[in-house]
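A short write-up of the structure that comes next.
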Ligand code: BT5
(Lines give C-alpha, C1' and ligand atoms only; values in the text may rest on other atoms or scores of the structure.)
Protein backbone atom coordinates (compact mmCIF):
# COMPACT_ATOMS: atom_id res chain seq x y z
CA UNK A 1 0.00 0.00 0.00
CA UNK A 2 1.29 3.47 -0.88
CA UNK A 3 0.04 6.77 0.54
CA UNK A 4 1.17 9.85 -1.38
CA UNK A 5 0.68 13.05 0.64
CA UNK A 6 0.54 16.50 -0.97
CA UNK A 7 2.18 17.76 2.22
CA UNK A 8 3.29 16.19 5.48
CA UNK A 9 4.88 17.33 8.73
CA UNK A 10 7.19 14.35 9.15
CA UNK A 11 6.43 11.23 7.09
CA UNK A 12 7.74 9.10 9.98
CA UNK A 13 5.34 10.73 12.43
CA UNK A 14 2.41 10.37 10.01
CA UNK A 15 3.14 6.72 9.28
CA UNK A 16 3.58 5.86 12.98
CA UNK A 17 0.21 7.49 13.69
CA UNK A 18 -1.58 5.64 10.86
CA UNK A 19 0.13 2.33 11.61
CA UNK A 20 -1.25 2.21 15.14
CA UNK A 21 -4.67 3.44 14.12
CA UNK A 22 -5.26 1.32 11.02
CA UNK A 23 -3.17 -1.79 11.67
CA UNK A 24 -1.36 -1.18 8.36
CA UNK A 25 0.30 -4.09 6.53
CA UNK A 26 4.01 -4.78 6.16
CA UNK A 27 5.75 -2.51 3.61
CA UNK A 28 3.17 0.29 3.70
CA UNK A 29 4.78 3.36 2.14
CA UNK A 30 4.05 6.98 3.10
CA UNK A 31 5.76 9.55 0.89
CA UNK A 32 5.70 13.21 -0.03
CA UNK A 33 7.70 15.79 -1.93
CA UNK A 34 6.65 18.47 0.54
CA UNK A 35 7.77 17.57 4.06
CA UNK A 36 7.64 20.61 6.29
CA UNK A 37 8.82 19.25 9.67
CA UNK A 38 11.34 16.57 8.73
CA UNK A 39 13.23 14.96 11.58
CA UNK A 40 16.91 14.02 11.63
CA UNK A 41 18.58 11.82 14.22
CA UNK A 42 19.22 12.99 17.78
CA UNK A 43 16.65 15.81 17.63
CA UNK A 44 18.14 17.41 14.51
CA UNK A 45 16.07 18.52 11.52
CA UNK A 46 15.91 17.43 7.90
CA UNK A 47 15.07 20.26 5.52
CA UNK A 48 14.13 20.50 1.86
CA UNK A 49 12.10 23.06 -0.13
CA UNK A 50 8.77 21.82 -1.54
CA UNK A 51 9.02 19.69 -4.69
CA UNK A 52 12.80 19.40 -4.56
CA UNK A 53 13.22 16.22 -2.57
CA UNK A 54 11.48 13.01 -1.54
CA UNK A 55 10.62 11.98 2.00
CA UNK A 56 9.73 8.29 2.15
CA UNK A 57 8.75 6.26 5.20
CA UNK A 58 8.15 2.54 5.04
CA UNK A 59 6.51 0.41 7.71
CA UNK A 60 8.38 -2.85 8.19
CA UNK A 61 6.56 -5.34 10.34
CA UNK A 62 7.97 -8.70 9.36
CA UNK A 63 5.93 -11.72 10.33
CA UNK A 64 7.43 -13.42 13.29
CA UNK A 65 9.39 -10.42 14.50
CA UNK A 66 9.59 -10.77 18.23
CA UNK A 67 11.48 -9.20 21.09
CA UNK A 68 14.39 -11.61 20.70
CA UNK A 69 14.88 -10.46 17.12
CA UNK A 70 15.34 -6.81 18.11
CA UNK A 71 19.14 -6.97 17.73
CA UNK A 72 18.72 -8.22 14.15
CA UNK A 73 16.24 -5.44 13.39
CA UNK A 74 19.23 -3.15 13.93
CA UNK A 75 20.11 -4.14 10.36
CA UNK A 76 17.03 -2.39 8.96
CA UNK A 77 18.51 1.15 9.16
CA UNK A 78 21.60 -0.17 7.38
CA UNK A 79 19.37 -1.87 4.81
CA UNK A 80 17.71 1.51 4.19
CA UNK A 81 21.08 3.17 3.64
CA UNK A 82 22.12 0.40 1.25
CA UNK A 83 18.88 0.74 -0.76
CA UNK A 84 19.33 4.51 -1.00
CA UNK A 85 22.96 4.11 -2.00
CA UNK A 86 22.06 1.66 -4.79
CA UNK A 87 19.37 4.09 -5.97
CA UNK A 88 21.81 7.00 -6.16
CA UNK A 89 24.45 4.82 -7.84
CA UNK A 90 21.90 3.76 -10.50
CA UNK A 91 21.47 7.42 -11.43
CA UNK A 92 25.08 8.62 -11.19
CA UNK A 93 27.66 6.73 -13.16
CA UNK A 94 30.95 8.48 -12.59
CA UNK A 95 30.92 9.51 -8.96
CA UNK A 96 31.94 7.56 -5.87
CA UNK A 97 28.70 6.66 -4.08
CA UNK A 98 28.50 4.80 -0.78
CA UNK A 99 27.38 4.94 2.81
CA UNK A 100 29.00 6.68 5.75
CA UNK A 101 28.10 4.45 8.70
CA UNK A 102 25.39 4.07 9.77
CA UNK A 103 23.36 5.31 6.81
CA UNK A 104 24.21 8.65 5.19
CA UNK A 105 24.70 8.24 1.46
CA UNK A 106 27.62 10.35 0.25
CA UNK A 107 28.48 11.33 -3.30
CA UNK A 108 32.16 12.23 -3.43
CA UNK A 109 31.93 12.92 0.33
CA UNK A 110 28.81 15.11 0.20
CA UNK A 111 25.54 14.02 1.82
CA UNK A 112 22.62 13.30 -0.51
CA UNK A 113 20.34 11.12 1.65
CA UNK A 114 19.65 10.59 5.35
CA UNK A 115 17.84 7.80 7.16
CA UNK A 116 15.91 7.89 10.43
CA UNK A 117 14.51 4.65 11.81
CA UNK A 118 12.05 4.41 14.67
CA UNK A 119 10.99 1.31 16.56
CA UNK A 120 7.23 1.09 17.13
CA UNK A 121 4.65 -1.41 18.30
CA UNK A 122 1.74 -2.16 15.97
CA UNK A 123 -1.05 -4.42 17.26
CA UNK A 124 1.30 -5.70 19.95
CA UNK A 125 4.00 -6.58 17.43
CA UNK A 126 7.41 -4.93 17.07
CA UNK A 127 7.77 -2.94 13.88
CA UNK A 128 10.13 -0.44 12.35
CA UNK A 129 9.38 2.78 10.52
CA UNK A 130 12.24 3.36 8.11
CA UNK A 131 12.31 6.98 6.96
CA UNK A 132 14.60 8.22 4.22
CA UNK A 133 15.04 11.59 2.59
CA UNK A 134 16.76 12.09 -0.74
CA UNK A 135 17.78 15.38 -2.33
CA UNK A 136 16.51 15.35 -5.91
CA UNK A 137 16.60 18.75 -7.53
CA UNK A 138 17.86 21.33 -5.03
CA UNK A 139 20.44 23.84 -6.14
CA UNK A 140 23.48 24.30 -3.89
CA UNK A 141 21.85 27.41 -2.36
CA UNK A 142 18.74 25.42 -1.43
CA UNK A 143 20.69 22.90 0.64
CA UNK A 144 20.98 23.56 4.38
CA UNK A 145 24.70 22.73 4.66
CA UNK A 146 27.62 23.24 2.29
CA UNK A 147 28.63 19.61 2.46
CA UNK A 148 25.41 18.37 0.86
CA UNK A 149 24.38 17.66 -2.69
CA UNK A 150 21.40 16.64 -4.83
CA UNK A 151 20.89 14.33 -7.81
CA UNK A 152 20.50 17.36 -10.06
CA UNK A 153 23.73 19.02 -8.88
CA UNK A 154 25.55 15.75 -9.57
CA UNK A 155 24.22 15.64 -13.13
CA UNK A 156 21.82 12.69 -12.81
CA UNK A 157 19.85 12.02 -15.95
CA UNK A 158 16.28 12.42 -14.73
CA UNK A 159 12.93 12.72 -16.53
CA UNK A 160 11.93 16.28 -17.38
CA UNK A 161 8.64 16.58 -15.52
CA UNK A 162 8.52 16.74 -11.74
CA UNK A 163 6.05 13.85 -11.39
CA UNK A 164 8.08 11.53 -13.60
CA UNK A 165 11.29 12.50 -11.81
CA UNK A 166 9.86 11.78 -8.36
CA UNK A 167 8.31 8.53 -9.63
CA UNK A 168 11.61 7.31 -11.03
CA UNK A 169 13.50 7.93 -7.79
CA UNK A 170 10.73 6.52 -5.59
CA UNK A 171 10.39 3.38 -7.73
CA UNK A 172 14.14 2.75 -7.77
CA UNK A 173 14.39 3.09 -3.99
CA UNK A 174 11.38 0.86 -3.26
CA UNK A 175 12.69 -1.77 -5.67
CA UNK A 176 16.09 -1.96 -3.95
CA UNK A 177 14.54 -1.78 -0.49
CA UNK A 178 12.02 -4.51 -1.20
CA UNK A 179 14.69 -6.77 -2.77
CA UNK A 180 16.98 -6.62 0.28
CA UNK A 181 14.14 -6.67 2.80
CA UNK A 182 12.70 -9.83 1.25
CA UNK A 183 16.11 -11.50 1.26
CA UNK A 184 16.63 -10.55 4.91
CA UNK A 185 13.20 -11.83 5.99
CA UNK A 186 13.55 -15.02 3.91
CA UNK A 187 16.87 -15.71 5.66
CA UNK A 188 15.10 -15.37 9.02
CA UNK A 189 16.76 -12.01 9.69
CA UNK A 190 20.23 -13.51 9.40
CA UNK A 191 22.59 -10.84 8.00
CA UNK A 192 25.23 -13.34 6.86
CA UNK A 193 22.88 -15.86 5.21
CA UNK A 194 20.89 -13.11 3.46
CA UNK A 195 24.09 -11.54 2.10
CA UNK A 196 23.19 -8.24 3.76
CA UNK A 197 26.33 -8.16 5.93
CA UNK A 198 28.56 -8.48 2.86
CA UNK A 199 26.54 -6.01 0.75
CA UNK A 200 26.43 -3.37 3.49
CA UNK A 201 30.13 -3.85 4.32
CA UNK A 202 31.20 -3.58 0.67
CA UNK A 203 29.13 -0.45 0.23
CA UNK A 204 30.32 1.22 3.44
CA UNK A 205 32.80 4.05 2.81
CA UNK A 206 33.72 4.16 6.51
CA UNK A 207 35.36 0.73 6.76
CA UNK A 208 39.11 1.01 6.36
CA UNK A 209 39.20 4.72 7.11
CA UNK A 210 40.55 6.71 10.03
CA UNK A 211 37.56 8.27 11.76
CA UNK A 212 36.44 10.37 14.67
CA UNK A 213 33.39 8.88 16.37
CA UNK A 214 31.21 11.30 18.32
CA UNK A 215 29.23 9.17 20.73
CA UNK A 216 25.90 9.98 22.39
CA UNK A 217 26.82 12.28 25.30
CA UNK A 218 29.60 13.81 23.19
CA UNK A 219 32.48 11.51 24.16
CA UNK A 220 34.83 11.05 21.21
CA UNK A 221 36.95 8.19 19.95
CA UNK A 222 39.67 8.33 17.32
CA UNK A 223 40.55 5.19 15.43
CA UNK A 224 40.27 3.16 12.27
CA UNK A 225 36.96 1.58 11.30
CA UNK A 226 37.68 -2.09 10.68
CA UNK A 227 34.28 -3.69 10.04
CA UNK A 228 30.77 -4.43 11.25
CA UNK A 229 29.75 -6.92 13.91
CA UNK A 230 26.83 -9.35 13.71
CA UNK A 231 24.32 -6.68 14.74
CA UNK A 232 25.62 -4.03 12.35
CA UNK A 233 27.61 -2.06 14.90
CA UNK A 234 30.79 -0.39 13.72
CA UNK A 235 34.04 -1.88 15.01
CA UNK A 236 36.71 0.71 15.67
CA UNK A 237 40.36 0.00 16.36
CA UNK A 238 41.71 2.75 18.60
CA UNK A 239 45.44 2.24 19.21
CA UNK A 240 45.02 -1.52 19.36
CA UNK A 241 41.84 -1.54 21.47
CA UNK A 242 38.60 -2.58 19.78
CA UNK A 243 35.40 -0.67 20.43
CA UNK A 244 31.94 -1.39 19.02
CA UNK A 245 29.78 1.62 18.28
CA UNK A 246 26.01 1.28 18.11
CA UNK A 247 25.05 4.95 17.71
CA UNK A 248 26.72 8.25 17.05
CA UNK A 249 28.17 10.42 14.33
CA UNK A 250 31.20 9.46 12.33
CA UNK A 251 33.56 11.98 10.78
CA UNK A 252 35.77 10.59 8.02
CA UNK A 253 39.33 11.83 8.51
CA UNK A 254 41.88 12.12 5.73
CA UNK A 255 44.05 9.05 5.20
C1 LIG B 1 19.53 12.29 9.10
O2 LIG B 1 19.75 12.77 10.36
O3 LIG B 1 20.27 12.40 8.15
C4 LIG B 1 18.18 11.59 8.96
C5 LIG B 1 17.27 12.31 8.03
C6 LIG B 1 16.01 11.52 7.81
C7 LIG B 1 15.00 12.27 6.99
C8 LIG B 1 13.85 11.40 6.62
S9 LIG B 1 12.80 12.15 5.47
C10 LIG B 1 11.61 10.95 5.70
C11 LIG B 1 11.55 10.65 7.19
N12 LIG B 1 10.67 11.55 7.90
C13 LIG B 1 11.34 12.31 8.79
O14 LIG B 1 10.83 13.16 9.54
N15 LIG B 1 12.66 12.03 8.71
C16 LIG B 1 12.94 10.97 7.77
P17 LIG B 1 21.15 13.27 10.86
O18 LIG B 1 22.21 12.25 10.57
O19 LIG B 1 20.90 13.65 12.27
O20 LIG B 1 21.45 14.51 9.97
C21 LIG B 1 20.75 15.72 10.14
C22 LIG B 1 21.68 16.81 9.67
O23 LIG B 1 21.81 16.72 8.24
C24 LIG B 1 21.14 18.21 9.93
O25 LIG B 1 21.54 18.65 11.21
C26 LIG B 1 21.78 19.03 8.81
O27 LIG B 1 23.12 19.37 9.14
C28 LIG B 1 21.86 18.02 7.68
N29 LIG B 1 20.74 18.16 6.73
C30 LIG B 1 19.47 18.59 6.95
N31 LIG B 1 18.76 18.53 5.84
C32 LIG B 1 19.59 18.06 4.86
C33 LIG B 1 19.44 17.78 3.48
N34 LIG B 1 18.29 17.96 2.83
N35 LIG B 1 20.53 17.30 2.82
C36 LIG B 1 21.70 17.08 3.44
N37 LIG B 1 21.91 17.34 4.74
C38 LIG B 1 20.87 17.81 5.45
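The values are calculated or read from the model by the stated rules, or taken from the named source; none is laboratory data. Keep in mind that this is a model prediction, so the values were computed, not measured. Using ideal geometry, Cβ is built from the backbone for each residue, glycine included, and neighbour counts are taken over all protein chains shown.
State yes or no: is residue 166 touching a residue at least 12 places away in the same chain (Cβ under 8 Å), outside any strand (DSSP E or B) and within 16 Å of the ligand (Cβ to nearest atom)?
Values: touching a residue at least 12 places away in the same chain (Cβ under 8 Å): yes; outside any strand (DSSP E or B): yes; within 16 Å of the ligand (Cβ to nearest atom): yes.
Considered against the rule, which asks whether it is touching a residue at least 12 places away in the same chain (Cβ under 8 Å), outside any strand (DSSP E or B) and within 16 Å of the ligand (Cβ to nearest atom), residue 166 comes out as yes.
Has the stretch 67-83 got at least one residue that is at pLDDT 95 or above, under 21 Å from residue 159 (Cα atoms) and either crowded, with 18+ Cβ neighbours inside 10 Å or more than 9 Å from the ligand (Cβ to nearest atom) (or both)?
yes
State which residue is nearest to the ligand (Cβ to nearest atom) when the search covers only the stretch 1-13 and only residues that are under 29 Å from residue 217 (Cα atoms) and assigned to a loop (DSSP other than H, G, I, E, B).
Taking the stretch 1-13 and keeping what is under 29 Å from residue 217 (Cα atoms), we get 9-13.
Narrowing the set further to residues that are assigned to a loop (DSSP other than H, G, I, E, B) leaves 9-10.
Values: 9: 8, 10: 3 Å.
The extreme case among them is 10.
Within the stretch 217-255, track down each residue that is over 13 Å from residue 102 (Cβ atoms) and part of a loop (DSSP other than H, G, I, E, B).
The answer is 217, 218, 219, 230, 239, 240, 253, 254, 255.
Look at residue 248 and say whether it is within 16 Å of the ligand (Cβ to nearest atom), modelled with pLDDT under 95 and surrounded by 15 or more Cβ atoms within 10 Å (Cβ to Cβ). Full working, then the answer.
On the way: within 16 Å of the ligand (Cβ to nearest atom): yes; modelled with pLDDT under 95: yes; surrounded by 15 or more Cβ atoms within 10 Å (Cβ to Cβ): yes.
Against the criterion (within 16 Å of the ligand (Cβ to nearest atom), modelled with pLDDT under 95 and surrounded by 15 or more Cβ atoms within 10 Å (Cβ to Cβ)), residue 248 qualifies.
Here's a check for you: in the stretch 33-55, which residue that is near the ligand (Cβ under 7 Å from one of its atoms) and in a strand (DSSP E or B) is nearest to the chain's Cα centre (by Cα)?
Ranking the candidates gives 55 first.
Return the residues of the stretch 124-147 that are in contact with a helix residue (DSSP H, G or I) (Cβ under 9 Å, 6 or more places away or on another chain), over 22 Å from residue 74 (Cβ atoms) and surrounded by fewer than 21 Cβ atoms within 10 Å (Cβ to Cβ); say none if nothing qualifies.
Correct list: 146 only.
Per-residue answers, yes or no, for (1) at pLDDT 95 or above; (2) more than 15 Å from the chain's Cα centre (by Cα); (3) surrounded by 14 or more Cβ atoms within 10 Å (Cβ to Cβ):
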| residue | (1), (2), (3) |
| --- | --- |
| 171 | yes, yes, no |
| 190 | no, yes, yes |
| 200 | yes, no, yes |
| 217 | no, yes, no |
| 221 | yes, yes, yes |
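Residue check, residue 61 against (1) within 10 Å of the ligand (Cβ to nearest atom); (2) modelled with pLDDT under 95; (3) touching a strand residue (DSSP E or B) at 6+ places or on another chain (Cβ under 6 Å), all met but one. Which one?
(1)
Please work out which residue is surrounded by the fewest Cβ atoms within 10 Å (Cβ to Cβ), limiting yourself to the stretch 14-32 and to residues that are within 13 Å of the ligand (Cβ to nearest atom) and more than 16 Å from residue 114 (Cβ to Cβ).
Ranking the candidates gives 17 first.
Test residue 58 against the criterion of being touching a helix residue (DSSP H, G or I) at 6+ places or on another chain (Cβ under 9 Å), under 22 Å from residue 126 (Cα atoms) and not in a loop (DSSP other than H, G, I, E, B), and give yes or no.
Numbers: touching a helix residue (DSSP H, G or I) at 6+ places or on another chain (Cβ under 9 Å): yes; under 22 Å from residue 126 (Cα atoms): yes; not in a loop (DSSP other than H, G, I, E, B): yes.
For residue 58, the condition - touching a helix residue (DSSP H, G or I) at 6+ places or on another chain (Cβ under 9 Å), under 22 Å from residue 126 (Cα atoms) and not in a loop (DSSP other than H, G, I, E, B) - is met.
Test residue 194 against the stated conditions and say whether it is under 26 Å from residue 15 (Cβ atoms), within 13 Å of the ligand (Cβ to nearest atom), modelled with pLDDT of 95 or more and out of contact with any strand residue (DSSP E or B) (no Cβ under 6 Å at 6 or more places or on another chain). Before the answer, list the steps.
Values: under 26 Å from residue 15 (Cβ atoms): yes; within 13 Å of the ligand (Cβ to nearest atom): no; modelled with pLDDT of 95 or more: yes; out of contact with any strand residue (DSSP E or B) (no Cβ under 6 Å at 6 or more places or on another chain): yes.
When the stated conditions are applied, residue 194 does not pass them.
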